[in-house]
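Some notes on the structure that comes next.
Every number in this text was worked out from the coordinates using simple rules, so none of it is lab data. No experiment lies behind these values; they were computed from the predicted model shown. We place every Cβ from the backbone using ideal geometry, glycine too, and count neighbours over all the protein chains shown.
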Amino acid sequence: MIPNTIKLYDNDAYQTSFNASVLSCERRDKPLSKPQSQPNDGAKEDCGKPLYDIILDQTLFFPEEGGQNADGGTLNSHPVLDVQIKDGIIRHTTDIPFSPGSQVEGQIHWQPRYSNMQQHSGEHIISGLVHARFGYDNVGFHLGIKNVTLDFNGILTPEQLEQIESLANEAIWKNIDISAAYLPSKQLDTLEYRSKIALAGPVRIVTIPGYDICACCAPHVRQTGEIGIIKITDAIKYKGGMRISIQCGDRALEDYRMKQQQLSAVSVLLSSKLETSSDAVGRLKDENFALKGQIMALQTVLMEQKANAVPADAANLLLFEPQMESGVHKKYVNLLTAKCPGICAVFAGSDTEGYRYMIASSCQDVRPLNDRLKKELSAKGGGSKEMVQGSCSASRAQLYSLFDGCNMSFYRTDQFVR
């Protein structure tokens with residue numbers, strides 16, 4: 001029987017290399033369900049090669065657990081592709097086998113590990129503050145490669161979120177010691193701590209004095225100052241509560257740089273100062289709205305003229321127009337339908353960008369024609385027997401060919417635009 005794996009990261013989250021004995025090596029029957037969670041760290045995706053699950057007597061590799069992605073690294077310089085835990089046993093997936101009884105040297109990729117430590121410690125501060133101030137519980141947590149999300153069972157206003165963010169960063173400035181220890185059941189009985197599930201036996205408790213006491217299996221930084229900064233980047237209502245996104249430490253710096261670059265580029269394009277870019281965007285939006293109104297008015301006049309120019313003896317119409325506003329498109333089709341007794345089909349767009357279409361008739365069911373477009377040209381759309389609308393990426397020549405095969409004569413754009 002294989003014993004539980006000794007978790008070296010519990011004793012020292014800052015250690016990056018270790019030696020261990022191989023207890024088991026089994027060829028993996030199934031491919032990895034997803035690529036290794038840490039990008040650009042030397043790990044490889046499953047490329048059809050045989051994979052092996054390695055069990056060691058002890059490890060520094062934190063597995064995918066508690067909402068956090070697994071550590072990346074190597075065993076004897078070979079990439080570890082995934083790390084999972086089940087029933088206290090940690091399995092390391094590699095693309096080469098290791099003989100049971102042999103010794104291996106493990107190496108953790110430090111930068112992703114440390115970043116995860118910053119994010120997770122920051123999450124504890126935020127969750128502890130939200131619970132203490134507003135009584136909401138953290139009911140969901142995900143620490144991925146790029147995103148860190150926290151789900152709470154209550155709604156927080158923008159002002160409350162700003163307050164929480166300020167208090168969280170005050171905790172960083174205080175540089176408070178963070179401790180983690182396994183506590184026996186008797187001590188847990190008298191301790192108030194956060195936990196999503198009922199726990200039995202020794203429980204690892206992470207404590208940030210004055211801010212949070214929580215059951216947690218993951219590595220953390222030693223002091224809050226190492227988190228650097230905590231930034232709430234997004235907040236949405238989710239399942240009756242709220243999901244907030246945060247970035248801490250190196251990720252917060254990277255996020256700030258990206259947004260600074262984007263905002264600087266926007267300010268240059270708008271010929272405005274960085275701090276007044278939003279005002280410039282607002283003015284541009286108003287101008288664009290006004291121009292759209294003018295374009296729609298001109299398009300409407302043009303469509304009315306074009307509708308009047310359609311020959312009176314045209315029973316069915318197949319017309320192509322440049323891109324037009326949806327409202328103008330529909331008005332044009334209605335004008336044509338009132339004038340022509342058969343089917344009126346108007347495609348707006350181009351062969352390069354694709355077409356939006358509306359097909360209508362006052363006396364025929366147009367849905368069979370839409371079905372042909374979907375079946376033969378992979379169009380997407382639907383509607384009633386009087387009118388259908390949708391889009392397709394076919395060429396004008398393909399559309400002409402389809403309508404030519406409908407056993408009815410269509411008066412086409414190229415017949416009266418000469």
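Among 373-382, 114-123, 335-344, 162-171, sorting by the average number of other beta carbon atoms lying within 10 angstrom of each residue, highest first, gives 114-123, 335-344, 162-171, 373-382.
The HN-Hα couplings worked out from phi for region 141-150 by the Karplus form 6.51 cos²θ - 1.76 cosθ + 1.60 (θ = phi - 60°) are 8, 9, 10, x, 5, 10, 10, 10, 10, 10 Hz, whole numbers, x standing for Gly and Pro.
Within a straight-line Cα-Cα reach of under 12 Å, K49 can be paired with the following aspartates and glutamates, leaving aside sequence neighbours fewer than 8 residues apart in one chain: D29, D95.
With each label modelled as a point 7 angstrom along the Cα→C-beta vector, the S17-L269 pair spans 4.8 nm. Along region 169-178 the Karplus relation, 6.51 cos²θ - 1.76 cosθ + 1.60 evaluated at θ = phi - 60°, assigns HN-Hα couplings of 6, 4, 4, 5, 5, 6, 6, 7, 5, 10 Hz to successive residues, with x for each Gly and Pro. Pairs of Cα atoms in the chain fall into 20 Å distance bins, from 0 up to the last occupied one, in shares of 20, 32, 28, 18, 1 percent. If you take the charge dipole of the chain about its Cα centre, with +1 on Lys and Arg Cβ and -1 on Asp and Glu Cβ, which of C344, I244, M296 is farthest toward its positive end? Toward the positive end, the furthest listed residue is C344. Name the residues of region 307-333 whose amide N is less than 12 Å from a point 7 angstrom out from the Cα of Q364 along the C-beta direction? Answer for region 307-333: 315-318.
On the basis of the beta-carbon distance and an R0 of 22 Å, A315 and K380 show a calculated FRET efficiency of 0.20.
Here the relative contact order of region 364-418, from alpha carbon pairs under 8 Å that lie six or more residues apart, stands at 25 percent.
For region 91-143 and region 284-360, compute the distance between their C-alpha centroids and round to whole Å. What the calculation gives is 57 Å, centre to centre. With K and R counted +1 and D and E -1, the other residues having a Cβ less than 15 Å from that of L373 yield a net charge of +3. The protection proxy used here, the mean number of other Cβ atoms lying within 10 Å of each residue, ranks peptides 270-277, 211-218 as follows, highest first: 211-218, 270-277.
Exposure proxy check: H142, H124 ranked by fewest other beta carbons within 10 Å?
By the 10 Å Cβ count, ascending: H142, H124.
Each residue, M258 and S179, gets one label point 7 Å from its Cα in the Cβ direction; the gap between the two is 3.8 nm. Between E287 and E65, the modelled labels are 5.8 nm apart [label points 7 Å from Cα along Cα→Cβ]. Build a GNM of the chain with springs between Cα atoms under 10 Å apart, and of Q323, Q107, Q223 the one that fluctuates most is Q323. Counting 0.36 nm for each residue step from L161 to Q294 and taking away their Cα separation leaves a gain of 43.7 nm.
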